[in-house]
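A quick write-up on the structure given underneath.
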Amino acid sequence: MTTSCQPSPTRFPEVGEYLCAKRAMVNGALEGILAGNRTSHDDLLHSSMRYSLLSGGKRIRPILTLAVAEFLGVSAELALQAACAAELIHCASLMLDDLPCMDNMSIRRGRHSNHLVFGEDVTTLSAINLLTLAYQALLSYASGDPTLAYSLLRAMNDAVGADGLIGGQIGDLHPEQLPRDYGVFHTVYERKTGRLFSFAVESGARIGGASTAEFDCLASYAKSLGLVFQICDDILDSNGDPKIMGKEIAMDEGKQTLPKFTGLESSMCMARGLVEFAASQLASFGDRASLLVQVPWFVFEQVPGVGGPVPEAAHNHAAPIVFSNHAAAGGQF
Ligand code: IPE
Ligand code: IPE
Ligand code: MG
Ligand code: MG
Ligand code: MG
């Protein structure tokens, strides 16, 4: 897929530019993965996977993997297959999440959800097939470094399973079985969204050969970033612009989201606190981590009404926050 990338106006142009630059790299690698798995008799499967995988999307998870690897002095190229694994899982989760039996969404990344084009049967099967491609992408590390491949595979498996994305989605769809307090949001958000952010960051750390101390800081950063991401997404569900987001809003009315539980303002405060916490986890790295430090701020500034001073360390360019319509490219970044 060749979509031109224009960063949205942002107070964090370094992040905007990095996302744009690396998006093409990720898209190219995903194209390669799909092309490499094509058989003569799977047109429907291939078309469905292609439709959702190469339809845009911000690619924030895979780009985090690349950014962490580069931060640790390893080329992004070496982390590319692990980065793709995170995006393959994410894309599969969106296809399933949009099904009528789940969130029943009609629009995703600025166009019809997969099941409206291919049918629920094909959507389900092609989402599962994307999962197999994610495992395959990680297996590519086995010939060079079996120990690394094993640790990546195990980490991804844990991030997807009952204590990860799938468990989180169950909690999201069946909140009646959970106690109604902040811990729920923590558990559901952390599982359904946070664990994949953690996998993305931690695989960059593994590939980059992070020391234990570096790994722990990055892991803690990722955990908070994942929570920030889901809180902001839930806030945007009530006050975002569907054209910018490329998906419908007000779809979580029946859900026990944090904004519903605690209100928009308080959710923003919590998100901001987590942004600050995430950034603080990288403080010991100094300027070297400036790009990574800015990512949570960049995510947070997508929420309308968020403004105000940003700490010096997060590199305030003081440009106005203006959103541009990137729905066709799959999101607002
Ligand atoms: C949407 O993720 C699902 C959530 C976890 C909130 P993104 O906002 O990253 O979706 P795309 O990949 O850009 O479409
Ligand atoms: C999605 O959360 C988390 C997933 C694991 C897919 P949402 O249901 O809020 O994501 P959107 O808003 O549909 O993108
Ligand atoms: Mg959902
Ligand atoms: Mg949804
Ligand atoms: Mg949402």
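Within the range 204-236, restricting attention to residues that are within 16 Å of ligand 4 (Cβ to nearest atom) and charged (D, E, K, R), the residue that is farthest from Glu70 (Cα to Cα) is Asp234.
Test Gln256 against the criterion of being touching a residue at least 12 places away in the same chain (Cβ under 8 Å) and touching a Ser or Thr at 6+ places or on another chain (Cβ under 6 Å), and give yes or no. Taking the combined requirement at face value, the residue does not satisfy it. Specify which of the listed residues (Lys255, Lys243) is charged (D, E, K, R) and within 15 Å of ligand 3 (Cβ to nearest atom). Residue meeting the stated conditions: Lys255. For beta carbons closer than 8 Å, sequence separation of 6+ or different chains, a first residue in the range 211-232 that is farther than 18 Å from His90 by Cα and a second that is surrounded by 22 or more Cβ atoms within 10 Å (Cβ to Cβ) and hydroxyl-bearing (Ser, Thr, Tyr), the qualifying pairs are Ala219/Ser198. Mind checking which residues of the range 85-112 are assigned to a loop (DSSP other than H, G, I, E, B) and either among the small types (Gly, Ala, Ser) or away from ligand 5 (no atom under 16 Å from the Cβ) (or both)? Correct list: Pro100, Cys101, Ser106, Gly110. If you go through the range 176-213 and keep only what is farther than 16 Å from Cys84 by Cα and among the hydrophobic types (A, V, I, L, M, F, W, C), you end up with Leu178, Val184, Phe185, Val188, Ala210, Ala213. Each residue in the range 26-41 was checked for being more than 15 Å from Asn129 (Cα to Cα) and surrounded by 17 or more Cβ atoms within 10 Å (Cβ to Cβ), and 3 of them qualify.
Annotation note: Cβ proximity below 6 Å between a residue of the range 27-53 that is part of a helix (DSSP H, G or I) and a residue that is modelled with pLDDT under 95 (sequence gap 6+ or interchain) occurs for Asn27/Met1; His46/Arg38. Please find, within the range 125-170, the residue that is farthest from Met49 (Cα to Cα) out of those that are of a type in the set (Val, Ile, Thr) and within 16 Å of ligand 4 (Cβ to nearest atom). Step by step, filter the range 125-170, then rank; the result is Ile170. Screening the candidates Ser211, Ser224 for the property of being under 18 Å from Leu292 (Cα atoms) and crowded, with 19+ Cβ neighbours inside 10 Å yields one hit, Ser224.
When the range 54-66 is examined, which residues are found to be in contact with a helix residue (DSSP H, G or I) (Cβ under 6 Å, 6 or more places away or on another chain) and part of a helix (DSSP H, G or I)? The answer is Arg61, Pro62, Ile63, Leu64, Thr65, Leu66.
The values are calculated or read from the model by the stated rules, or taken from the named source; none is laboratory data. Being a predicted model, the structure only gives us computed values, none of them experimental. Note that we place each Cβ from the backbone using ideal geometry, even for glycine, and neighbour counts take in every protein chain shown.
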